[in-house]
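> One structure follows; several queries about it will come next.
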Amino acid sequence: MTNIIAEFKGVHKGYGSGANRTEVLQDINLSIREGEFLAIVGFTGSGKTTLINLLTGLLQPDEGEVLFKGAPIKGPGHERGVIFQNYSLLPWLTVYQNVALAVDEVYPNWSKEERDQHIRKFVEMVNLSPALNKRPAELSGGMRQRVAVARALSMDPELLLMDEPLGALDALTRGNLQTEILKIWSANQRTALLITNDVDEGILMADRIIPLRPGPNATLGPEFIIDVERPRDKTQLNDHPEFKKVRNEVMSYLMDLGDASKLQQSKTYELPDLQPIMPGTRSFPFMKAG
Amino acid sequence: MKDNSMVAIKQPIHKNGTSPKKEVKPAATVSDKDPWWKSYVPRIDGKLLLKKSLVSLASILVFLLAWHLGAAKLYDIEATEKVQKVLNEQGEVAAREMIDCISSGEVSCQPNTLPSPYQVFIAAENLLKDHREISSKKAEFRQKVAATNADRKAQGLSPITYTGRPSFLDQILTSIKTVLAGFLLSMFIAIPIGIITGLNQNLRMAFNWLIQIFKPVSPVVWLLLVFMIVKTVIRDPEMDKSFIISFISVGLCAMWATLVNTSVGVSSVQKDYINVAKVLQLNVGKKIFKVIIPSSIPLIFTGLRITVSVAWMVLIAIELLAQSPGLGSFVWEEFQNGANDSNAKIIVAMFVIGVIGFLLDRIMVFVQHSVSFDKARIA
């Protein structure tokens, strides 16, 4: 059994207070093993971002604790790199400067040349060298997300957190980037946590998939192990029996959840008893007078 | 439905030319060929330019015509009244003399009213001629006192300077100098305070009442306030007190737009950027200078642009009161003067004020455009 790198222990998290309070996460228990690629899938608004923000340290749990290497997470740290859903690049900085912002912060003791090389290496890794001096506004969505990937990876994090990193991209770019992220991941075998709403993406990339039951009061569902050998080829995966099996299992689990939550929410409304008026069946006083 | 999307991805993506290098290319070719300044110069479309210039030319002509007709009408009314008055008070002979006097174009009996465009043009010419005369006088004077000044400098005395009447162009320069000094002052006061109040909600609340109360105060009151203080603080007769008073008042009047905009810009930085700063664990200084200030630059410059136009507008009123030599006092003096071409000169000053105000605004737009990452937000 490999070491556990991060852990959720009975975590509760909600927002607001009093009558406005909504409980988002309830009793989350999760262990992330070192070197694995874990995917968490769930519906929009089910608390996925809250979950990942607890790991980045941007949020603190209300109850329970989030541990990283055995110690509770107090705040953001360089050992946990984040790729945000909406890229979060600084628009006034070029690609190089955006990555440099992270590198300068993580390796303040390196010489200028070392840092420069490091930055160029990671920009090259995501195939953006030609756009080194461009600003985010001049890049396409896919390219921007790749900058975000380069920025997160350049910090050499022990745990890479991805919050729906490809959610805003079109299907083609998405497929492309999935392959690229996987390639980079398998090259340095970091622990990775992917949050996504796309089951196929989760199965393609991860070793394990855990569905998040929809919030409020979201909890984690049972885990599904994906026993498909790497490297996985997206084009052939569709015919892979194991892939099909896991996909069906996860999908039907999520579908049932969705139906269940719909059932819970459905209310019956009492409609007033209306009678239709047919033309010619009713006479008006003023018409009589005329 | 899900299966369909999988089929779409199944097609060979890599061979279809979405490789990253190709994605970059179109943008690269555009900006690599052009020199850096190209993006600042609007592309010229001949047809549109012709159309635009024809339309503006036509509108200028219509404006001048309306002005000319209006001025002629006012002249008629004023002249008739004048003759009528003479007729009532001094009789028919005097009235007839007055009519002759007016139609002969004699200066002393011209009715005092809105000058026609032609008169304004002549007044502008005269002002320029006047400027040439004064500058030649100045040069002459400088030559004359050159030797004496060198002596005085050797003795450690201050040199003799020309103290004659300033020309119109000198007054324009003084005005521009004053407005720039006032603008710099307001920038140095408003931006730091704006940033500090933007960063801290308590400070923002503490400053808010002050801003709300002082923002609408009239330039005249600011001038008097500054006058009270400067008068006591600066006792050195060598210093140009009226200049100091007017530029400080201009600065105080105009700084509010920048102050409020900076404060709003700093306090409303996008949450994403703050999260980036947090995740990268930037320290406070880096967070402010690398994330917060750059992201509020568009709003700060919008504020500065408003400040420049307010400063220029307020300057005229302040100069008028502070007796600081400039366009404002020029207008006031001409109004008090009441010479036959005074009105025309006032109109000349009006146009000069307008044009300079417009140019200042354009300069600010240019600066704003070149420092801002967010080009779309600049009108």
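The values are calculated or read from the model by the stated rules, or taken from the named source; none is laboratory data. Given the structure is predicted, the values throughout are model-derived calculations rather than measurements. Glycine also receives a Cβ, built like all others from the backbone with ideal geometry; neighbour counts cover every protein chain displayed. Heads up: the accessible areas ignore ligands, DNA and RNA and are worked out on the full protein's heavy atoms, side chains in. Shrake-Rupley method; radii C 1.70, N 1.55, O 1.52, S 1.80 Å.
> If we scan region A:236-247, do we find a residue that is at pLDDT 80 or above and farther than 28 Å from A:LEU172 by Cβ?
no
> A further question on this structure: Hey, among the residues in region B:290-299 that are at the interface with chain A (Cβ under 8 Å from one of its Cβ atoms) and within 21 Å of B:ARG204 (Cβ to Cβ), which one's most open to solvent (accessible area, probe 1.4 Å)?
For region B:290-299, the residue satisfying everything is B:ILE297.
> Follow-up. Inspect all residues belonging to region B:48-59 and state whether any of them is outside any helix (DSSP H, G or I), modelled with pLDDT of 65 or more and more than 14 Å from every other protein chain (Cβ to nearest Cβ).
No, region B:48-59 contains no residue that is outside any helix (DSSP H, G or I), modelled with pLDDT of 65 or more and more than 14 Å from every other protein chain (Cβ to nearest Cβ).
> Shifting gears a bit: Looking at B:ILE176, B:ILE196, B:ILE191, B:ILE245, can you tell me which residue is at pLDDT 90 or above, surrounded by 18 or more Cβ atoms within 10 Å (Cβ to Cβ) and either out of contact with any Pro (no Cβ under 8 Å at 6 or more places or on another chain) or of a type in the set (Lys, Arg) (or both)?
The match here is B:ILE191.
> Taking region A:126-173 as the region of interest, how many residues are more than 11 Å from chain B (Cβ to nearest Cβ) and within 20 Å of A:LYS234 (Cβ to Cβ)?
9
Residues are listed down the side, and each one gets a yes or a no for (1) open to solvent by 40 Å² or more (accessible area, probe 1.4 Å); (2) closer than 28 Å to B:PRO111 by Cα; (3) not assigned by TED's automatic domain parsing to the domain that holds B:ASN261:
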| residue | (1), (2), (3) |
| --- | --- |
| B:ILE274 | no, no, no |
| B:ILE288 | no, no, no |
| B:THR302 | yes, no, no |
| B:GLN323 | yes, no, no |
| B:GLU333 | yes, yes, no |
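> I would also like to ask the following. Go through (1) under 24 Å from A:LEU58 (Cα atoms); (2) among the hydrophobic types (A, V, I, L, M, F, W, C); (3) away from chain A (no Cβ under 14 Å); (4) open to solvent by 80 Å² or more (accessible area, probe 1.4 Å) and name the single condition B:MET239 misses.
(1)
> Test each condition in (1) open to solvent by less than 10 Å² (accessible area, probe 1.4 Å); (2) within 12 Å of chain B (Cβ to nearest Cβ) for A:LEU212 and report the one that comes out false.
Failing condition for A:LEU212: (2).
> Working only within region A:116-128, note down all residues that are open to solvent by 50 Å² or more (accessible area, probe 1.4 Å) and on the phi < 0 side of the Ramachandran plot.
Matches in region A:116-128: A:GLN117, A:ARG120, A:LYS121, A:GLU124, A:MET125.
> Whether any residue in region B:154-170 is assigned to a helix (DSSP H, G or I), outside the structural domain of B:ILE248 (by TED's automatic domain parsing), open to solvent by less than 40 Å² (accessible area, probe 1.4 Å) and without any contact (Cβ under 8 Å) to a residue 60 or more places away in the chain is what I want to check.
no
> Would you mind finding the one in B:PHE183, B:PHE188 that is in a helix (DSSP H, G or I), touching a residue at least 12 places away in the same chain (Cβ under 8 Å) and among the aromatic types (Phe, Trp, Tyr)?
The conditions single out B:PHE183.
> Would you point out the residue of region A:174-194, among those that are open to solvent by less than 30 Å² (accessible area, probe 1.4 Å), part of a helix (DSSP H, G or I) and away from chain B (no Cβ under 12 Å), that is nearest to A:LYS69 (Cα to Cα)?
A:TRP185
> Quick check: anything in region A:60-68 open to solvent by 10 Å² or more (accessible area, probe 1.4 Å), modelled with pLDDT under 85 and within 23 Å of A:PRO216 (Cα to Cα)?
No.
> Looking only at region A:80-98, decide whether some residue is open to solvent by 30 Å² or more (accessible area, probe 1.4 Å), closer than 30 Å to A:GLY42 by Cα and not polar (S, T, N, Q).
Within region A:80-98, one or more residues are open to solvent by 30 Å² or more (accessible area, probe 1.4 Å), closer than 30 Å to A:GLY42 by Cα and not polar (S, T, N, Q).
> A further question follows. Is one or more of the residues making up region A:157-164 buried (at least 24 other Cβ atoms within 10 Å of the Cβ) and not in a strand (DSSP E or B)?
No: zero hits.
> OK, next. Would you confirm, using the coordinates I've provided, whether A:SER111 is more than 10 Å from chain B (Cβ to nearest Cβ), surrounded by 21 or more Cβ atoms within 10 Å (Cβ to Cβ) and either in contact with a strand residue (DSSP E or B) (Cβ under 9 Å, 6 or more places away or on another chain) or not aromatic (Phe, Trp, Tyr) (or both)?
No, not satisfied.
> May I pose another question? Can you tell me which condition B:ASP130 does not meet? The list is (1) assigned to a helix (DSSP H, G or I); (2) open to solvent by 50 Å² or more (accessible area, probe 1.4 Å); (3) modelled with pLDDT under 90; (4) of a type in the set (D, E, K, R), and all the others hold.
Exception for B:ASP130: condition (2).
> A follow-up question, please. Working carefully through the options A:ASN217, A:ASN197, find the one that is open to solvent by 40 Å² or more (accessible area, probe 1.4 Å), in contact (Cβ under 8 Å) with a residue 60 or more places away in the chain, farther than 22 Å from A:LEU128 by Cα and more than 14 Å from every other protein chain (Cβ to nearest Cβ).
A:ASN217
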